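Everything on this sheet refers to the single structure shown next.
The values are calculated or read from the model by the stated rules, or taken from the named source; none is laboratory data. Only a predicted model underlies this, so the values are computations on that prediction, with no experimental measurement involved. Note that we place each Cβ from the backbone using ideal geometry, even for glycine, and neighbour counts take in every protein chain shown.
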Amino acid sequence: MNLEQLQTILLAAAKANPPGDRVPYAFGKRILARLKDQPALDLSALWARALWRAAAPCVALTLLLGVWSFVGDSSNSADAAMSSGEDFSQHFEQTLLAAVDESEDVW
């Protein structure tokens, strides 16, 4: 069947049966009853559900990175600190005070 023929047949059938002006009995009451039955959207519950779902991967990632930082870096940093003879606190203090030393030169 041709698409244009199908369209003309469907339009003719629609014109032969016009829609009625009559609304079904208690239509408005049924619609309002359905609207009242639906629970209101609770945004705090949606946030809580999403945060609880995200908590487990965050804890797993924290544990993984914590283990990696202790296991992977402990041997390298200990060997480097022992071989250079300097303490980590000295490096840290020099890094913190580097900005203070440079600011005196600018003014």
If I filter region 3-44 down to residues being in a helix (DSSP H, G or I) and of a type in the set (Ser, Thr, Tyr), which single residue comes out as surrounded by the fewest Cβ atoms within 10 Å (Cβ to Cβ)? SER44
Is there a residue being modelled with pLDDT of 80 or more and not hydrophobic (A, V, I, L, M, F, W, C) anywhere in region 64-79? yes
Enumerate the pairs (first residue in region 53-67 and part of a helix (DSSP H, G or I); second residue anywhere and of a type in the set (Asp, Glu) and surrounded by 10 or more Cβ atoms within 10 Å (Cβ to Cβ)) with beta-carbon separation below 9 Å, excluding pairs fewer than 6 apart on the same chain, so at least 6 apart or on different chains. none
